[in-house]
1. I'd like the full set of residues that are outside any loop (DSSP other than H, G, I, E, B) and in contact with a Lys or Arg (Cβ under 9 Å, 6 or more places away or on another chain), limited to segment 91-125.
2. Quick one: in segment 284-305, of everything that is part of a helix (DSSP H, G or I) and touching a Phe, Trp or Tyr at 6+ places or on another chain (Cβ under 9 Å), which residue is surrounded by the fewest Cβ atoms within 10 Å (Cβ to Cβ)?
3. Going through Lys264, Lys222 one at a time, which residue ends up being more than 21 Å from the chain's Cα centre (by Cα) and of a type outside the set (A, V, I, L, M)?
4. Provide a single number: the residues in segment 228-254 that are in contact with a Ser or Thr (Cβ under 9 Å, 6 or more places away or on another chain), under 22 Å from Leu310 (Cβ atoms), outside any loop (DSSP other than H, G, I, E, B) and at pLDDT 90 or above.
5. Of the conditions (1) surrounded by fewer than 20 Cβ atoms within 10 Å (Cβ to Cβ); (2) of a type outside the set (D, E, K, R); (3) closer than 30 Å to Glu312 by Cα, Ser159 satisfies every one except a single condition; which number is it?
6. So is Tyr259 part of a strand (DSSP E or B), surrounded by 14 or more Cβ atoms within 10 Å (Cβ to Cβ), on the phi < 0 side of the Ramachandran plot and of a type outside the set (Asp, Glu) or not?
7. Looking only at segment 242-254, how many residues end up being over 17 Å from the mean Cα position of the chain (by Cα) and without any contact (Cβ under 8 Å) to a residue 60 or more places away in the chain?
8. Scan segment 104-112 and tell me whether some residue there is among the acidic types (Asp, Glu), crowded, with 22+ Cβ neighbours inside 10 Å, under 25 Å from Lys62 (Cβ atoms) and touching a strand residue (DSSP E or B) at 6+ places or on another chain (Cβ under 6 Å).
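The values are calculated or read from the model by the stated rules, or taken from the named source; none is laboratory data. Keep in mind that what you see is a predicted model, and the values were worked out from it rather than measured. Positions of Cβ are generated from backbone atoms using ideal geometry, with glycine treated the same way; all protein chains shown enter the neighbour counts.
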Amino acid sequence: MFNNIDKQIIKKIKEFKNIVIARHIGPDPDAIASQIALRDIIKLNFEDKNVYAIGIGVSKFKYIGTMDKIPEDIVKSESLLIILDVPEFSRVDGATKDEYAYTIKIDHHPCDHPECDLDLIDDTACSTCEILCDVIFNNDLVINKVSAENLFTGIVSDSDRFLLSYTTPRTFNIASRLLDIYNIDLTKIYNDLYARPLSERKFESFIIDNINITENGFGYIKLTNEDYKKYDVDANTASNMVNDLNHINELRCWAFSSYDEKTKQFRINIRSRGVVINDVAQLHNGGGHKFASGARLNTEEEVDALFKALDERCKESR
């Protein structure tokens, strides 16, 4: 399936004593779950390795695992870097390509150019966790229940509970194998992913009450710090809610703009039903899947330009 790239990845893991695993900024459950699972699986199968998962932690996802700090005596120029769930190095959290001796990318986002020394890209997969499962199973790596639950979490989250169009028989086969072998606690996983405080539910109602919908079926909302404070939520909350608008008849494509105080950027989350959006996002410092994309923009004018382009795409696709 991977033209032997998975075998080359395992070979490189065996070659290096020190391995650093990174993912994209503003991580979602698939990014963190794949990162933590790969770290722990490498440690389990290759006990002589030092493996570190890096990046800014997200309190909401601490139950998946915590980030590491690379010890000062680790020489990055002699280490392996693996980046997960990120199409371009510009969006990697906490690492740059030139720091490391060798770089590997494992990802499910479309990308038409190589980013690392070795790239494993499968844009037919619903998640990076799905790809990792194939690598693990194809190479007879040992995994434990915790890592299996993390991999299952990433698959469930990025497929939106197996509802999105890129869920395939392969997705279900992998999920079934994890369930069958590791006796995964589904109730706990779904509670961790989808249980929310009342403040977030009220914030969701605020979004629905205030979203703007054009005559072309494009919905958008610009969220402010005042909105977050009023409902006692943070900037990541809206990102976690974007799929919840999937079943509103009047929406064909929708986008949230959230200002991130930490990065001083506008974080844009875009979803659609049948309207191809990733090429539009790519023209506006973003990218992703055909029907699920995002962008990071520096000014409100850039946000307006992206929203105008998405509305035009909705009009063209009628």
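1. Arg91, Val92, Glu99, Tyr102, Thr103, Ile104, Leu118, Asp119, Leu120, Ile121 - these are the residues of segment 91-125 that are outside any loop (DSSP other than H, G, I, E, B) and in contact with a Lys or Arg (Cβ under 9 Å, 6 or more places away or on another chain).
2. Applying the filter and picking the extreme gives Glu300.
3. Numbers: Lys264 fails: more than 21 Å from the chain's Cα centre (by Cα).
Going through Lys264, Lys222 in turn, the sole match is Lys222.
4. Total satisfying the criteria: 2.
5. Of (1) surrounded by fewer than 20 Cβ atoms within 10 Å (Cβ to Cβ); (2) of a type outside the set (D, E, K, R); (3) closer than 30 Å to Glu312 by Cα, only one is false for Ser159: (1).
6. Spelling it out, Tyr259 is indeed part of a strand (DSSP E or B), surrounded by 14 or more Cβ atoms within 10 Å (Cβ to Cβ), on the phi < 0 side of the Ramachandran plot and of a type outside the set (Asp, Glu).
7. Total meeting the criteria: 7.
8. The initial filter retains those residues of segment 104-112 that are among the acidic types (Asp, Glu), namely 107, 112.
Retained after the next criterion (residues that are crowded, with 22+ Cβ neighbours inside 10 Å): 107.
Narrowing further to those that are under 25 Å from Lys62 (Cβ atoms): 107.
Adding the requirement that they be touching a strand residue (DSSP E or B) at 6+ places or on another chain (Cβ under 6 Å) leaves 107.
Yes.
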